[in-house]
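Quick notes on the structure that follows.
The values are calculated or read from the model by the stated rules, or taken from the named source; none is laboratory data. Bear in mind the structure is a predicted one, so any value in this text is a computation, not a measurement. Cβ atoms come from the backbone with ideal geometry, glycine included; neighbour counts cover every protein chain shown. These accessible areas exclude ligands, DNA and RNA; they are computed on the full protein's heavy atoms, side chains included. Shrake-Rupley method; radii C 1.70, N 1.55, O 1.52, S 1.80 Å.
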Amino acid sequence: LQMRQTPSARKRLKEIGSRENRYVTDVNHQITKALVETYPKGTLFVIENLKGVRSATEKVCVRHRYVSVSWAFHQFREMLEYKARLNGQGVIAVDPKYTSQTCPKCGHVEQTNRNKKRHTFECQSCHYRSNDDRIGAMNLYRKGIEYIGTGTAGV
């Protein structure tokens with residue numbers, strides 16, 4: 001359709017884009033609503049600050065780029081923040097650096113700890129093994145605990 005450049009092709013592309021935007025907005029709304037309703041007042045949601053994630057896609061090959069940048073992270077964060085505020089909950093965004101490369105047991109940080117292709121994590125120091133996404137979640141949990149303890153850590 002993009003190659004055609006006819007008025008009908010441009011109109012069709014606009015319709016497809018609008019449909020995708022509505023879908024993403026709806027999914028973000030459903031997820032944030034479910035999160036806020038599932039957890040009690042006083043819950044602190046810890047998310048990664050993904051500002052600038054789009055520029056990281058310059059290193060991703062073209063066929064995988066759409067998957068990397070197609071989700072509305074900022075919209076998700078805004079929805080979660082306002083819904084959490086209305087429900088007496090909090091949201092903090094922490095620095096995402098090394099969250100999937102840091103061992104939650106010993107704190108060792110190394111790029112080879114994580115195997116992106118296999119989605120596995122093995123600490124080169126203490127040999128703790130797990131799923132790399134689970135490791136990232138455990139490290140976000142730790143940053144949330146630090147934030148509660150000090151009031152500002154990791155933000």
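Things worth noting here:
- Enumeration of residues in the range 68-97 that are part of a loop (DSSP other than H, G, I, E, B) and surrounded by 14 or more Cβ atoms within 10 Å (Cβ to Cβ): TRP71, ALA72, ASN87, GLN89, PRO96
- Within the range 63-83, tally of residues that are more than 17 Å from GLU20 (Cβ to Cβ) and at pLDDT below 70: 2
- Flag if GLY144 is modelled with pLDDT under 90 and crowded, with 17+ Cβ neighbours inside 10 Å: no
- Filter pass, SER100 being of a type in the set (S, T, N, Q), surrounded by 12 or more Cβ atoms within 10 Å (Cβ to Cβ) and over 16 Å from the mean Cα position of the chain (by Cα): no
- Condition check for PRO40: open to solvent by 40 Å² or more (accessible area, probe 1.4 Å), modelled with pLDDT under 90 and within 17 Å of GLY144 (Cβ to Cβ): no
- Every residue from the range 100-134 that is in a loop (DSSP other than H, G, I, E, B) and polar (S, T, N, Q): SER100, GLN101, GLN124, SER125
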